[in-house]
Amino acid sequence: MRPRNHRAIDRQQGKNRMDNSTPQDPSWQVSPEHRHPPRHELSYWLDPRTASAPPVLAGTALRSMAQNHGARRGACSVPIGLGAAFGLASVTNLLTSITPPVPGLWMGLLAVALLVLGRFLWRRACATPKARYLSSGRGSTSIGGALIMLVVIGVPFCAMAHILLAGQLDGSARGLGAYAGYQLALVLGVVSVFFLPGYFAQHARRDLRRLIESNPGIRSEFEDLSLSWVDPVGTEPFGPL
């Protein structure tokens, strides 16, 4: 005679068979936490209504790509901004120096090199970003953080520059031009290093959306990814952005 609790025993045996089953068994099923999220067309993931549905901090491949894109653009903006700063300092030195403007010539060459490097990196940054997250290093990830760093670091630099350039304020147009030119060059360099990375990081999702909408080739790549995306390390969905 079977025990009274034979139904409970049968249920437990059935559960054990399910737990020990393999993908080849007809009874095998993927657990919910390992099921891959559904795929949609790119237009669905770019729709603002879709983007506002899940929490803003929810991880998706598109958002990782956006952070990657923003970090790259922020890093590429630094040599461009520094090149412009050295260019301004070079022009200031050439126009206001009372000695042979050798420093101005060297700063001009450095400015050209930085601008060429920055332009080259910027063009590469506009390519299709990778899905993996690219850390922005020690740079700011928001405009608020960038402004704090700008004030904390930029103000002391400008104060030290004022002490060094105070001798230029002799009442002449040359002295005033030298003081203003060097100070503006310093401010431009500080903004390039501390503010621009935070700006591009905060607007990373907006900039990636604009890149997709303005570049047909990159949009085609994202269209293919949206229908074939498989997270290599988990079940992260492709979108929304």
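Diagonalising the gyration tensor over the Cα atoms of the stretch 110-241 and scaling each eigenvalue by 5 before taking the square root yields semi-axes of 42, 17, 11 Å, largest first. With the simple model of a label 7 Å out from the Cα in the direction of the Cβ, residue 230 to residue 124 spans 3.0 nm. Reported to the nearest whole Å, the Cα centre-to-centre distance from the stretch 60-99 to the stretch 168-241 is 10.
An oblate overall shape is assigned to the stretch 59-187, the ratio a/c of its alpha-carbon gyration tensor axes (a ≥ b ≥ c) being 1.5 or greater and a/b not exceeding b/c. Here the 3J(HN,Hα) profile of the stretch 102-111, calculated from phi with Karplus coefficients 6.51, -1.76 and 1.60 at θ = phi - 60°, is 5, x, x, 5, 5, 5, x, 5, 5, 4 Hz, Gly and Pro shown as x.
Since every read-out is calculated from the coordinates, none of them should be taken as a lab result. Keep in mind that what you see is a predicted model, and the values were worked out from it rather than measured. Cβ sites come from the backbone with ideal geometry, for glycine too, and all protein chains shown count toward neighbours.
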